[in-house]
Amino acid sequence: MGILGVRFEALAKLIESDGMEPALAIMADVRAYFQVAYKRFADNVPLAIDYELIWGVERNVLETLSKGLGINGDNGDRICKELAQENATIAVRREELAKKLERMHMAGQQLLQIGF
């Protein structure tokens with residue numbers, strides 16, 4: 001720039017000090033604190049969700065299932081059989097689909113026999 005032998009630090013001394021410089025330093029510190037606090041809050045939200053929703057299910061799940069299903073009571077055998085039994089409409093639909101699949105296999109076999 002035409003000035004030789006002058007360092008950058010020396011140029012900063014040429015600027016007059018501002019009366020608001022202490023306030024600017026405080027504002028910078030507050031902003032830095034806010035950024036750190038915001039980041040910590042943002043990091044803790046998924047951890048709290050994970051703890052309460054994901055791991056929270058694990059707490060008392062066996063006891064809740066036992067009470068809710070009622071399988072430890074007098075009618076426990078009957079309730080277990082009902083829970084293990086297939087729904088009647090689903091069984092009928094499964095049988096219909098199995099028959100349809102068999103018909104399709106037979107039709108495919110016949111098409112292969114006639115060279116199609």
Could you state how much accessible area Arg103 has, in square angstrom rounded to the nearest 10, with a 1.4 Å probe and all protein chains kept in place? 150 Å²
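Using the Cα centre of segment 48-116 as the reference point, and only Cβ charges (+1 on K/R, -1 on D/E), how large is the resulting charge dipole? Debye, rounded to the nearest 20. Kindly include the intermediate steps, with their values, before the conclusion.
On the way: 9 positive and 11 negative charges, 96 e Å.
Using Cβ point charges on Lys, Arg, Asp and Glu, segment 48-116 gives about 460 debye.
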Send over the semi-axes of the chain's equivalent ellipsoid, whole angstrom and largest first, taken as the square roots of 5 times the C-alpha gyration tensor eigenvalues. 77, 35, 9
For the chain, the percent of accessible surface on carbon and sulfur atoms (probe 1.4 angstrom, ligands and nucleic acids excluded) is 63 percent
Within 15 Å, Cβ to Cβ, of Gly73, how many net charges do the neighbouring residues add up to if Lys/Arg are +1 and Asp/Glu are -1? -1
What helices does the chain hold that run 15 Å or longer along their axis, going by alpha-carbon atoms, with a Kyte-Doolittle average of -1.0 or more, using DSSP H for the helix calls? 21-49, 88-113
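Please compute the length gained on full extension between Asp29 and Val45, using 0.36 nm multiplied by the number of residues separating them and subtracting their Cα-Cα distance. Don't jump to the answer; show the numbers that get you there.
Working: separation 16, 0.36 × 16 = 5.76 nm, distance 2.46 nm.
Extending this stretch completely gives an extra 3.3 nm.
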Run down the lysines and flag those whose C-alpha is under 24 Å from the C-alpha of Lys67, throwing out any fewer than 8 positions away in its chain. Lys81
Within the chain, helix-based [θ] at 222 nm, where runs of 4 or more DSSP H residues each add -39,500 (n - 2.57), nearest 500: -23000 deg cm²/dmol
Please compute the per residue accessible area over the chain with all protein chains in place, 1.4 Å probe, rounded to a whole number of Å². 98 Å²
Binned at 5 Å from zero, the C-alpha pair distances of segment 17-73 give percents of 4, 15, 10, 10, 9, 8, 8, 7, 6, 6, 5, 4, 3, 2, 2, 1, 0
So, R0 is 41 Å and r is the distance between the beta-carbons of Cys80 and His105; what FRET efficiency does that work out to, to 0.05? 0.65
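The values are calculated or read from the model by the stated rules, or taken from the named source; none is laboratory data. All figures in this text were calculated on a predicted structure; none of them were measured in a lab. Don't worry about glycine lacking a Cβ; one is built from the backbone with ideal geometry, like all the others, and counts go over all protein chains shown. To get the accessible areas, we keep the full protein, side chains included, count just its heavy atoms, and leave off ligands, DNA and RNA. Shrake-Rupley method; radii C 1.70, N 1.55, O 1.52, S 1.80 Å.
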